[in-house]
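Undergrad: Below: one structure in structure tokens.
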Amino acid sequence: SVAAVPRRFSFLTGKMTISAFVSFVVSLVSVFIAFLVGQQLLGSHGVSLDAPHVMRVLVGIAFYLMSVSVMATALGFITRSTAGGIAAVVALLLVLPVIGQLVPYDWAADVLNYLPGSAGGALATSVVDTSMSVATAVITLIGWMVALTAAAAVLLQRRDV
């Protein structure tokens with residue numbers, strides 16, 4: 001790939017843009033289909049699309065899934081391995097929060113709130129959570145995407161392919 005596009009930053013930008021766009025569109029369509037099917041199954045107990053916070057939650061879930069895709073792409077570039085990228089994403093989303101809960105210090109809970117999974121959880125709920133607002137969750141996810149993409153860009157520029 002780098003032989004076809006020798007400018008590495010353009011290559012990384014193109015990969016990230018396609019990854020973000022495709023994952024957001026596919027996630028948004030999937031989330032809406034899942035919501036509509038779920039509402040049919042719930043019958044009279046379901047809610048409609050015009051209920052409070054429903055649209056925000058559906059778009060928020062798609063944004064979270066898109067951000068995970070971008071972070072996974074960046075981690076793949078950082079580790080220079082698909083398997084390494086997958087392992088790093090699993091560690092970031094699933095293992096690190098569990099390890100963080102075992103840390104006996106008060107600051108650990110504050111750090112856990114700013115992991116991508118916590119931000120995604122704040123976007124995926126219609127209940128207003130006092131630990132993280134929607135704006136903070138979006139900023140947190142953007143921060144993770146920017147930091148990992150910047151690290152990937154620096155490493156891609158400095159290393160041989």
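The values are calculated or read from the model by the stated rules, or taken from the named source; none is laboratory data. On a predicted model such as this, the values are computed, not experimentally measured, just so you know. Virtual Cβ from ideal backbone geometry, glycine too; neighbours counted across all protein chains shown. In case anyone asks, the SASA skips ligands and DNA or RNA and just uses the protein heavy atoms, side chains included. Shrake-Rupley method; radii C 1.70, N 1.55, O 1.52, S 1.80 Å.
Undergrad: What residue among LEU58, LEU96, LEU148 has the largest mean-square fluctuation in a Gaussian network model of the chain, using Cα springs under 10 Å?
TA: In the Gaussian network model the winner is LEU96.
Undergrad: Could you compute the longest span of the chain free of trypsin sites (Lys or Arg not before Pro) located in DSSP loops and having at most 13 other Cβ atoms within 10 Å, not counting the site residues?
TA: Result, exposed sites excluded: 81-158.
Undergrad: Let me ask another. What is the ratio of the Cα radius of gyration of the stretch 53-161 to 2.2 N^0.38 Å, where N is its residue count, to two decimals?
TA: Output field value: 1.14.
Undergrad: Summing -39500 (n - 2.57) over the DSSP H runs of n ≥ 4 in the chain and dividing by its residue number, what mean residue ellipticity at 222 nm do you reach, to the nearest 500 deg cm²/dmol?
TA: Mean residue ellipticity at 222 nm (helix-derived): -24500 deg cm²/dmol.
Undergrad: Based on Cβ point charges of +1 for Lys and Arg and -1 for Asp and Glu, what charge dipole magnitude is obtained for the chain about its Cα centre, in debye rounded to the nearest 20?
TA: Computed about the Cα centre, the dipole is about 700 debye.
Undergrad: How far is the Cα center of the stretch 97-160 from the Cα center of the stretch 52-72, in Å?
TA: Using only Cα atoms to place each centre, the spacing works out to 14 Å.
Undergrad: Let me ask you something else. More than 21 Å apart: what percent of Cα pairs in the stretch 34-101 qualify?
TA: Roughly 48 percent, rounded to a whole number.
Undergrad: Follow-up question, since we're still on this one. Keeping the other protein chains in place, figure out the carbon and sulfur percent of the accessible area of the chain, with a 1.4 Å probe.
TA: Percent of accessible area from carbon and sulfur atoms in the chain: 71.
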